[in-house]
Every structure is written in structure tokens, then in C-alpha cells.
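Below is one structure, written out as C-alpha cells, with a few remarks after it.
The values are calculated or read from the model by the stated rules, or taken from the named source; none is laboratory data. The structure presented is a predicted model; accordingly, all values stated were derived computationally and were not measured. All Cβ positions, even for glycine, are placed from backbone atoms using ideal geometry, and neighbour counts span all protein chains on display. Note: areas computed on protein heavy atoms with side chains; ligands, DNA, RNA excluded. Shrake-Rupley method; radii C 1.70, N 1.55, O 1.52, S 1.80 Å.
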Amino acid sequence: MATVDLNKSILDYIYECPVVAENPMYFCVAEEQNNNNQLVPMNEQYNDAVEFVDGTVERTYRAEILMYKSVAYNPIVTEEVGGKKIPSDVYLNENMEDMTDGQTLIDWIKEQNDNRHFPNFGEWCIIESVKPTSNRLSFNGINVELEPPLAQYSVGLEIKYLDTSKQLWN
Amino acid sequence: MAINQFNLAQYQRAERKLLLTVAEWVDDPQDIYTLQSSQPSNWATNYTDYYTKSGSSYTKVPSGTAAPTWQANTYYTKETVSQFRELLGRRTEDSSIEYNADQSTTTDILGINYTDVNKTQPQQDFDPYLVLGGSLLGAKLNDIRRRNALSELSQFTLYIITAYVGDSTSGYAAEKHVNCTIQYNSLGGDANVNMPISVYFSNDVTNGHVDKLSTDFVFTPDV
């Protein structure tokens with residue numbers, strides 16, 4: 001039975017997303033540099049697996065995609081327009097743009113799921129869904145010891161698939 | 001006839017997947033397309049016998065200079081059949097055959113009990129029984145439901161295959177019940193459409209064995 005490296009499949013898959021493909025991707029361990037991305041697979045608890053009477057098992061692959069971005073300390077300066085204060089276009093800082101990158105990835109994952117475009121987990125696995133674990137990017141914190149300081153954002157990824165390798169019935 | 005022993009090691013528990021319930025029915029001939037998960041041995045020479053699916057339509061693989069690169073879960077075989085079989089229990093976590101025995105017990109004047117089992121009415125519930133792509137039985141039951149053709153619910157043959165008795169060489173012990181009933185109990189659910197079913201075994205049973213554990217098995221009655 002040919003086995004497929006699930007981590008490699010996921011890397012191939014998310015590399016199809018343009019905002020991921022244009023930057024370096026690391027696996028498990030990453031050099032913290034501006035625009036570096038990192039895939040960190042999470043462990044699968046035995047309790048997460050659901051066994052069915054036909055011998056198939058529903059499994060869950062979870063991973064986090066970490067994104068490193070340099071931070072800006074520019075304030076969001078407001079300007080008066082028609083008596084109302086609104087954020088200035090001039091000072092919309094890069095922190096907000098970085099968030100947009102991550103949000104694009106989340107939206108891309110959701111779109112692939114809607115179109116049932118899934119990673120290849122091999123002939124014995126039927127993928128049911130690939131979803132981000134949240135609708136918004138998480139901001140995990142800033143490493144101020146680096147120059148420039150780097151912010152870390154994360155996107156959770158959850159893949160539900162049916163492992164048919166142990167079923168008797170063909 | 002000698003009783004066949006379980007094909008299990010001493011004290012090994014039989015996995016649930018070794019008990020299979022298979023439904024069989026006859027219908028108008030249909031083209032059945034089966035998705036291929038592993039490369040067929042004749043792929044290099046007979047690739048034009050296979051189909052690809054686009055939307056709900058199937059197209060033959062066009063002939064070319066050579067067979068296309070094999071991709072799992074992409075190509076289908078086509079077969080025209082009028083007898084259909086389906087394993088029950090896809091996506092069901094727990095299901096048991098309930099024998100629903102009717103019994104009566106009498107006690108004599110000495111206080112001794114005598115229990116008679118008068119009959120059994122075996123039944124097995126499958127909940128959830130999800131509406132799944134490719135499920136022929138699900139489509140059949142849904143068609144019966146739409147037409148409210150209730151009499152057609154009692155035209156199934158059911159096999160109980162005990163794969164913990166026998167082996168792949170001599171076959172696995174099986175029971176064939178004819179004129180059984182499969183009843184849909186509800187339709188709906190939360191995230192996915194569920195149509196839980198109950199199957200009622202007729203007890204019009206023939207014991208035998210099946211040669212393999214796949215849809216195209218051959219049932220041979222015991223002599």
C-alpha cells in the first residue's frame with residue numbers, strides 16, 4: 001500500500017495559495033524573519049478518531065500556519081472628513097496590511113473547501129473538509145528582541161478525512 | 001456438521017468490522033460507475049474502457065498515444081447491472097442485530113422455571129444512515145420514499161456475513177435472508193442529511209458462505 005506523506009501534501013496544497021507561495025515556507029522550525037511562514041502540524045489524539053462499523057475511521061489532521069511580519073509603530077492617524085474622524089489613508093500602517101495577507105489565506109482555504117479542492121492524501125483517504133479553525137487571523141504576539149521586531153500571526157487548519165485502509169469490504 | 005471455530009487467536013476480540021450486513025435488490029438495469037482507488041492491471045492497454053466524471057456526467061477516456069498518468073480516485077469503471085448490493089453501516093458508529101425474542105416462562109410447583117423461546121424477529125438499526133454520494137441503496141430508498149411505494153420496502157435480500165468464521169480460501173460463513181424489509185425512519189438532521197433505517201430480517205434463511213468480502217461475492221448454500 002503506497003503511503004502518502006500528509007505533511008508534504010499539506011505543504012503542496014497551501015503553496016497553491018498566492019500569498020503563501022510568494023514567501024519562504026518552513027516546516028516545524030522557522031527562522032524568524034519578515035514574511036517567513038511556518039507549518040506546524042499538531043498531534044492527533046486517539047480520541048479524535050471516530051471508528052465506524054465498516055472498519056473505516058474518521059481522522060482529523062490539524063496544523064497551524066504561522067506568519068512572521070515586521071511591525072510598525074505608526075499610529076492610525078485620523079483625519080476629519082465632513083466633521084467625522086476617519087482613519088487616514090496615509091497612515092494605514094503595515095500591521096493592517098499584514099493582517100490582510102493572513103485573512104486572504106483563510107478566505108482561500110474556505111473557498112477551496114467550498115469547491116471541494118482538497119490535498120491529495122492518497123488512495124486510502126477520502127477528504128471530507130479542509131477548514132480554517134477560525135474566521136479571523138490570530139495575533140500571537142511580538143518578539144521585540146529582534147530587529148526589526150516581528151509579529152507572529154497564525155491560521156489554524158483542520159482537515160477531516162476518512163481513512164479506508166482498514167476496511168474489509170471492497 | 002462440525003461447528004467452525006472462530007478464525008481468531010486465543011482471547012483475541014473480533015473487530016466490529018468482521019460482522020457485515022449486506023443488502024441486495026433487483027431493479028431496472030443501470031449503468032454503475034465505480035471510482036477506482038488503485039491502478040487496474042490493464043490500465044496501460046485498456047485505459048479507454050475507463051471514464052472520468054465531470055459534474056454528473058461520465059466521459060470515456062479518449063484514446064491517445066499512451067495511457068494517461070494514473071491518478072487515484074479519478075477514473076471510473078462502468079458496469080450495467082440489474083442486481084445491486086450494498087454494505088450497510090457506512091458512517092455508522094454502532095449497530096447491532098437485535099433478535100427481539102418472544103419468550104414465555106412457566107414455573108412448576110417445585111419452583112423450577114421452564115423458558116421457551118417461541119420466535120425471534122431480528123432487526124438492525126443504522127443510525128446515522130447518511131445520504132452519501134454513490135450510495136445506491138440510499139438513492140433506492142429515497143425513490144421509494146418520494147413515491148410512497150411502501151410495498152417495495154419488503155423486497156430486499158439481506159446477508160449477514162460473519163467474517164470471523166472462515167477465511168479467504170474456503171470462504172466466510174454467511175446467512176441469506178430473503179424478502180426482508182428495510183424501512184426509513186426519518187429524514188433530516190443537523191449538518192448532514194441523515195435517513196436512519198431499520199432492517200428487518202425475514203428469518204427465511206439459507207446458511208452458506210461467501211467467497212470474498214466485496215460486492216461481487218458469490219453465495220454458496222451449505223450442503
Is it the case that the range B:68-78 has a residue that's among the basic types (Lys, Arg) and within 23 Å of the chain's Cα centre (by Cα)?
yes
Among A:Lys69, A:Lys85, which is the only one that is more than 16 Å from A:Gly156 (Cα to Cα), under 21 Å from the mean Cα position of the chain (by Cα) and either part of a strand (DSSP E or B) or within 14 Å of chain B (Cβ to nearest Cβ) (or both)?
A:Lys69
Is there a residue in the range A:117-138 that is modelled with pLDDT under 95 and under 18 Å from A:Ala30 (Cβ atoms)?
yes
The residue that is farthest from the other protein chains (Cβ to nearest Cβ), considering only those in the range A:108-139 that are β-branched (Val, Ile, Thr) and open to solvent by less than 70 Å² (accessible area, probe 1.4 Å), is A:Ile109
Restricting attention to the range B:174-200, report how many residues are crowded, with 20+ Cβ neighbours inside 10 Å and farther than 15 Å from B:Trp25 by Cβ.
2
The range B:81-98 residues that are within 10 Å of chain A (Cβ to nearest Cβ) and on the phi > 0 side of the Ramachandran plot, paired with ones that are open to solvent by less than 60 Å² (accessible area, probe 1.4 Å) and in a loop (DSSP other than H, G, I, E, B) (beta carbon under 7 Å, 6 or more apart)
B:Gly89/A:Phe52; B:Gly89/A:Val53; B:Gly89/A:Asp54; B:Gly89/B:Ser95; B:Arg91/A:Phe52; B:Arg91/B:Pro128
Taking strands (runs of 3 or more DSSP E) that do not extend beyond the range B:64-157, which have at least 3 residues that are surrounded by fewer than 16 Cβ atoms within 10 Å (Cβ to Cβ) and not hydroxyl-bearing (Ser, Thr, Tyr)?
B:75-87, B:113-119
If a residue must be within 14 Å of chain B (Cβ to nearest Cβ) and in contact with a helix residue (DSSP H, G or I) (Cβ under 7 Å, 6 or more places away or on another chain), how many such residues does the range A:40-58 contain?
3
Considering only the range A:118-125, I want to know if a residue exists there that is out of contact with any helix residue (DSSP H, G or I) (no Cβ under 6 Å at 6 or more places or on another chain) and part of a helix (DSSP H, G or I).
no
